[in-house]
Every structure is written in structure tokens, then in C-alpha cells.
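Participant: First the structure, which I've put down as C-alpha cells, then a few questions once you've had a look.
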Amino acid sequence: MEYETIVGLEVHAELNTKTKIYCSCRNAFGLEVNTQICPICTGMPGTLPTLNEKVVEYAVKMGHATNCSINNVCKQDRKNYFYPDLPKAYQISQADIPLCEHGYVDVMLDGGVEKRIGITRIHIEEDAGKMLHNDAFQGSLVDFNRCGVPLIEIVSEPDMRSSAEAKAYLETLRSILQYIDISDCKMQEGSIRCDVNVSVRPKGSTEFGKRVEMKNVNSFSGAMRAIDYESNRQIEALERGEEIFQETRRWDDLKGENFLLRSKEDAQDYRYFPEPDLTTIYIPLEKVEELKKTIPELPNAKVKRYVKELGIPQTDAELIAENLQRCGLFDECVSIGGVSPKTVSNWILADVSKYMNETGKDISESNLTAEKLVKIIKLIEDGKISNNSGKIIFDEIMKNNADIDAVISEKGLSQISDDSAIEKIVNEVLAANEKSVNDYRGGKTNALGFLVGQCMKASKGQANPAKCKELVLKFLNG
Ligand SMILES: [Zn+2]
């Protein structure tokens, strides 16, 4: 029998607000354990939380960016459970009325096919602390710095049908989070984590199978492996005539397997109830609209514009748009104008990206500006310098913040494109190489390359090669 895999994802993204969600402790990663804490985020009796307004604003922005409707009146609820990293023994989250719901994102699959993935809801909540399991100590320690770090949870509809679709969806969410600048999206620091829900059903069936959840998968590639593994596990079980149970399994990325953790809890197990220490959230509609206006052109729209209006190939457009720094530079160069967008894109994806990868720097931290890049490209397109000289100038800018005109004159990079000057060189070279001229005319066409090479040499590499070839040919065939 043929099966279909159904995937739904719950993505947790840490917001990059300066302070935590319910207290004024710093929201920062990687600091000394238990130094960014206070009685509120460690759940001391008698303390009261105060909601950080920025958290609400950031979540509303994400709602707008994913086409959600915004519940400008909503509330927060307690989700009760015990775990050593949760000192209050409850997490403040949102249950029945999330801040944002009924949205969608369009994701680009291989081959340029677009697919719409529904967003069920986006709600705000607080993160828990972090357990540090220590073998030498033969026990576990807990770091509460992460307690109260603001999170949004983005819950998708079960609209994905493969691990590849899930990856495309995760990548789309990540670039949106980066574009609207509400999360630093550092997977290695756990800023984005996801719970993966997988079920399978016979192809053609409209009913969903029992779903299995895998919690806290912390890389996109891990999510793909977890989906493929779980989907195969379920298919094999069904083929053996076994039943699939709704349960939570732990994904072990190193082993590449998952293990039963517990039979799946239902919402009622958490005994949600309205958080009595916080008032209703109310956002004036004008504020909701104001936040909508701050949403920039999003990655998907950018890719479409690059392909349709600027003639950039789909893959290149996606590579440019997936990185905020790259597309910022690209957009600026194109708006300065006077050069081919395709050439700008080639430079950004080759030389600029290579430099950034090698140095680990962002474009904004380098000496490169859009004006400088456009100037180099324009000099090449106008035949004033060779492509190779352009690369030399680029290196000089990156390494020494050199002035373009100064590099050209110091290194003698200006290219001769003037017909009469090149013609003079061609005449001299051809007169001195009578044998090769005769070879060419006698049918040995590879003599052409030699003659053009001699002309380039005579010009000390400064002649425009295309012009040179054109004039040599004119002479030989004339
Ligand atoms: Zn605190």
C-alpha cells in the first residue's frame, strides 16, 4: 500500500527583546549561570509578573507577517506542570485565545513550486530554565537564566506532506523572523526549536492517522531526519498490522532514532486556567495597524520581484533573499542603478559571499558599500577595467578600505578600450607575426588565440580583450 506522510510543526522562537517577558532581567544568552535572575522569574512566593509590552508588539508583527488575524483583546493562562527547570511549577502561556490566529505562509518548494501552509495560531509564553546534566557530579544542575525569556509559539496546520516541505516551511519562518528582526534565530543557541507532529495514512484517504509528537528538535536537519524516521516507523508498524498510538517520543539526533517518552497528554492534563496575576491584554486597533506598517517586503515577495522584474534566476533570487544583509546590499545597488541587476547578483553570491564566509563578518561590518560595488561593476561594464582588475580592486577595498580610483592608477589597471589605440597595437603585433597570420588564413584557426594573446601582452594586459579580438579578426578577414 502507498502511504502519505502528514506533518505539523510547533515552532518556538525566542524573541530578542532586551528584557524578559515578566521582569526586568536581561534577556541574553551565554552568561554565567543563574546571574540573570530575580525573585519574579524564579517564581518566589509573593512576587507579581508585569507583561513586557515589546513581547506583545513582536508577536503581533509576526502575526501580520504570516497573514494572521490579530486578537487585540486576549488573555494569558497558566499551564500547570512540574519540571525542575520550572520553579513556579506552571508556565504562563495562552490557551483558548491566542494573540494571532488563522494565518498562512507561502513556501517555495524545489522546482519553484509554491505551497501554502496554514498557521493555526501564534501565542506568547515564557521559556523555562535549562537542566545541565553532569556526569562527574552524577546529577543534574539547573540554570534559571532562561526562565522568563519571551517565546512565541507558531503552530502550523497539518499541511506538510514530507520532510522537504517541513524544511522549506522552517526556512521561510526563519527568514521572516530575521526580516522583521524579532529573533536572532541562532539554532545552535536554541533560539528556534520545534515540536514535530507526524502521522501517516493510506494515500487517497481523507482521515488523519494517530499522530506522534517529538519535542524540542533543535535543528532543521534534525527535524527532517526525525520526520523521515517516524514516518517510516509508522508505515512499517501498519504494514505489520500494528496500531499507532498517540504518544510523545524523544528524538535522539545522534542515534538517529526515537524512543517512547509517554503516552500523549491532552490539553486538560495541564489544567489551564486564566492567569490571575495578569490583566487582559488590550491593544488599541490603531496600534495593531501601526505595527502592520512596520513589516518590510518579505522574502517570498522579494524572490518574486527579483525573478519577474529583474530577471534574476530563481535559485539566485532565493539565495539573495534568504539573507537580510545580502538582499539589503542587492536592493541598494539596484536602486543606485546604471548596472545590470544580474551582474550585481553574481558579485554578491560569488565574491561578496566568499569574503563574508571566510572572515565570518557581516557586510555591514566590512568596508564594502553599495556605492563602491556599483562603481566597480560600472567600470567593468563600461570597459574601463577588466573583470580581473575589478576583483583586485574589490580585494583592496575589503582588506585596506582602498580608494577605487587610487587602486586603478597605482596598479595601472585602466583598460584600453579606445579603438585607435588598440588598432595601433594590433597592427604592430600582426606585422611582427606574419607566420601566424598566414597560418590563420591557411585554415589554422587556433592561431587567432595566439595573436590575441600577443596583443594583450603588448598592451601589458590593459587592452580590452573583447575589443582586441574583434580588431584582430577584422584585420585577418579584411
Ligand atoms: Zn527576573
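The values are calculated or read from the model by the stated rules, or taken from the named source; none is laboratory data. Here the structure is a predicted model, which is why all the values come from computation and not from measurement. We place every Cβ from the backbone using ideal geometry, glycine too, and count neighbours over all the protein chains shown.
Participant: Considering only strands (runs of 3 or more DSSP E) fully contained in the range 197-284, which possess at least 3 residues that are surrounded by 13 or more Cβ atoms within 10 Å (Cβ to Cβ), of a type in the set (S, T, N, Q) and at pLDDT below 90?
Facilitator: Numbers: elements: 212-217, 247-252, 257-263.
Fully inside the range 197-284 and qualifying: nothing.
Participant: Being more than 22 Å from N323 (Cβ to Cβ), modelled with pLDDT under 95, in the same structural domain as F29 (by TED's automatic domain parsing) and of a type in the set (F, W, Y), is that true of even one residue in the range 138-156?
Facilitator: Checked against the condition, which is being more than 22 Å from N323 (Cβ to Cβ), modelled with pLDDT under 95, in the same structural domain as F29 (by TED's automatic domain parsing) and of a type in the set (F, W, Y), the range 138-156 yields no hits at all.
Participant: For the range 239-255, which residues satisfy the criterion of being among the aliphatic types (A, V, I, L, M) and without any contact (Cβ under 8 Å) to a residue 40 or more places away in the chain? Don't jump to the end; show me each part of the working.
Facilitator: First, pick out the residues of the range 239-255 that are among the aliphatic types (A, V, I, L, M): 244, 254.
Correct list: L254 only.
Participant: Check M187, M108, M131 and return the single one that is under 15 Å from the mean Cα position of the chain (by Cα), without any contact (Cβ under 8 Å) to a residue 60 or more places away in the chain and farther than 13 Å from L9 by Cβ.
Facilitator: After applying the criteria, what remains is M187.
Participant: Answer yes if at least one residue in the range 77-90 is away from the ligand (no atom under 15 Å from the Cβ), in a loop (DSSP other than H, G, I, E, B), of a type in the set (K, R) and out of contact with any helix residue (DSSP H, G or I) (no Cβ under 6 Å at 6 or more places or on another chain), and no otherwise.
Facilitator: no
Participant: Something else now. Please go through the range 31-43 and give me each residue that is touching a residue at least 12 places away in the same chain (Cβ under 8 Å) and within 12 Å of the ligand (Cβ to nearest atom), ordered by number. Quick ask: steps written out before the conclusion?
Facilitator: In the first step, residues of the range 31-43 are kept if they are touching a residue at least 12 places away in the same chain (Cβ under 8 Å); the result is 31, 33-38, 40-43.
Hits for the range 31-43 are N34, T35, Q36, I37, C38, I40, C41, T42, G43.
Participant: Quick check on the range 53-60. Is at least one of its residues touching a residue at least 12 places away in the same chain (Cβ under 8 Å), in a loop (DSSP other than H, G, I, E, B) and among the acidic types (D, E)? Spell out how you get there, then give the answer.
Facilitator: First pass over the range 53-60, keeping only residues touching a residue at least 12 places away in the same chain (Cβ under 8 Å): 54-60.
From what's left, in a loop (DSSP other than H, G, I, E, B): none.
No, the range 53-60 contains no residue that is touching a residue at least 12 places away in the same chain (Cβ under 8 Å), in a loop (DSSP other than H, G, I, E, B) and among the acidic types (D, E).
Participant: Checking the structure you have, find out if any residue of the range 6-19 is touching a Ser or Thr at 6+ places or on another chain (Cβ under 6 Å), within 11 Å of the ligand (Cβ to nearest atom) and within 17 Å of I124 (Cβ to Cβ).
Facilitator: The answer is no; no qualifying residue exists.
Participant: Give the residue that is surrounded by the most Cβ atoms within 10 Å (Cβ to Cβ), with candidates limited to residues of the range 308-333 that are of a type in the set (D, E) and within 15 Å of E171 (Cβ to Cβ).
Facilitator: So the first thing to find is which residues in the range 308-333 are of a type in the set (D, E), and the list is 309, 316, 318, 322, 331-332.
Now narrow it down to the ones that are within 15 Å of E171 (Cβ to Cβ): 318, 322.
On the way: E318: 20, E322: 17.
Only one residue tops the list, namely E318.
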